């Protein structure tokens, strides 16, 4: 009887740990990250790069992105899939900035969408960048005030999704880039992470 109970408990633990792991984000709140992702936080960058040695992760690109940034400037966390997806194209990130989501709502939505499209178009050097969706109050996340956008990503055949919302740390952006075939899964995972925020 005790052996059966032990097996049930072990099975439950394996199932739970296969689903997600709670981590403390660099922003001071806790999030549940699906276990098939690795969080890139400033505390474990070197360890992460060793873990991905010989994989598809472009370490040179990662080092270039991180070069010259101090830990206090790096208010960003990346979440890379451990599965057979190209992590340079399929990944998520979260960042916290100074500001408040309410500042966005002082402007007309069309104006916000147009300005954000212009910013991403310049950033990606894509003059014909397409914006597929731009709205407020996306119902899939548990933050009442939010702004949501979908548009082309910086790479060919890549899509970019971003949610802006408020946390105690400030204006928070949670985003993902994905190949079309992976977007549904990664977007579900990002929504799950957003909804797991515990402040």
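The values are calculated or read from the model by the stated rules, or taken from the named source; none is laboratory data. What you see is a predicted model, and the numbers here were worked out from it, not measured in a lab. Backbone-built Cβ (ideal geometry, glycine too); neighbour counts: all protein chains shown.
Just a yes or no: is a residue in the range 117-125 under 15 Å from the mean Cα position of the chain (by Cα), exposed (fewer than 15 other Cβ atoms within 10 Å of the Cβ) and part of a helix (DSSP H, G or I)? Step through it out loud before you land on a result.
Within the range 117-125, the first condition is being under 15 Å from the mean Cα position of the chain (by Cα), and the residues that meet it are none.
No; the residues of the range 117-125 include none that is under 15 Å from the mean Cα position of the chain (by Cα), exposed (fewer than 15 other Cβ atoms within 10 Å of the Cβ) and part of a helix (DSSP H, G or I).
Using the structure shown, decide if residue 142 is modelled with pLDDT of 90 or more, farther than 21 Å from residue 176 by Cβ, in contact with a helix residue (DSSP H, G or I) (Cβ under 9 Å, 6 or more places away or on another chain) and not in a helix (DSSP H, G or I). Steps first, please.
On the way: modelled with pLDDT of 90 or more: yes; farther than 21 Å from residue 176 by Cβ: no; in contact with a helix residue (DSSP H, G or I) (Cβ under 9 Å, 6 or more places away or on another chain): yes; not in a helix (DSSP H, G or I): yes.
Spelling it out, it is not the case that residue 142 is modelled with pLDDT of 90 or more, farther than 21 Å from residue 176 by Cβ, in contact with a helix residue (DSSP H, G or I) (Cβ under 9 Å, 6 or more places away or on another chain) and not in a helix (DSSP H, G or I).
Name every residue in the range 118-151 that is in contact with a strand residue (DSSP E or B) (Cβ under 7 Å, 6 or more places away or on another chain) and without any contact (Cβ under 8 Å) to a residue 12 or more places away in the chain, in order of residue number. Give the steps one after another, and end with the answer.
The initial filter retains those residues of the range 118-151 that are in contact with a strand residue (DSSP E or B) (Cβ under 7 Å, 6 or more places away or on another chain), namely 120, 126, 129-138, 141, 143, 145-151.
Selection gives 137 alone.
List the number of the failed condition for residue 172; all other conditions in (1) in contact with a helix residue (DSSP H, G or I) (Cβ under 7 Å, 6 or more places away or on another chain); (2) under 21 Å from residue 38 (Cα atoms) hold.
Evaluating residue 172 over (1) in contact with a helix residue (DSSP H, G or I) (Cβ under 7 Å, 6 or more places away or on another chain); (2) under 21 Å from residue 38 (Cα atoms) leaves (1) as the failure.
If I ask for residues that are in contact with a strand residue (DSSP E or B) (Cβ under 7 Å, 6 or more places away or on another chain) and either outside any strand (DSSP E or B) or within 19 Å of residue 121 (Cα to Cα) (or both), which ones from the range 152-165 would you list? Give the steps one after another, and end with the answer.
First, pick out the residues of the range 152-165 that are in contact with a strand residue (DSSP E or B) (Cβ under 7 Å, 6 or more places away or on another chain): 152-153, 157-165.
Hits for the range 152-165 are 152, 153, 157, 158, 159, 160, 161, 162, 163, 164.
For residue 170, indicate whether it is crowded, with 17+ Cβ neighbours inside 10 Å and either in contact (Cβ under 8 Å) with a residue 24 or more places away in the chain or farther than 22 Å from residue 186 by Cβ (or both). Don't jump to the end; show me each part of the working.
Values: crowded, with 17+ Cβ neighbours inside 10 Å: no; either in contact (Cβ under 8 Å) with a residue 24 or more places away in the chain or farther than 22 Å from residue 186 by Cβ (or both): yes.
Answer is no for this residue.
Any chance you could count how many residues in the range 166-199 are farther than 23 Å from residue 116 by Cβ and not in a helix (DSSP H, G or I)?
Final tally of qualifying residues: 4.
State which residue is surrounded by the most Cβ atoms within 10 Å (Cβ to Cβ) when the search covers only the range 156-167 and only residues that are touching a helix residue (DSSP H, G or I) at 6+ places or on another chain (Cβ under 9 Å) and touching a residue at least 60 places away in the same chain (Cβ under 8 Å).
Within the range 156-167, the subset touching a helix residue (DSSP H, G or I) at 6+ places or on another chain (Cβ under 9 Å) is 157-166.
With the extra rule that they be touching a residue at least 60 places away in the same chain (Cβ under 8 Å), the set shrinks to 158, 164-166.
Numbers: 158: 19, 164: 23, 165: 20, 166: 17.
Out of the qualifying residues, it is 164.
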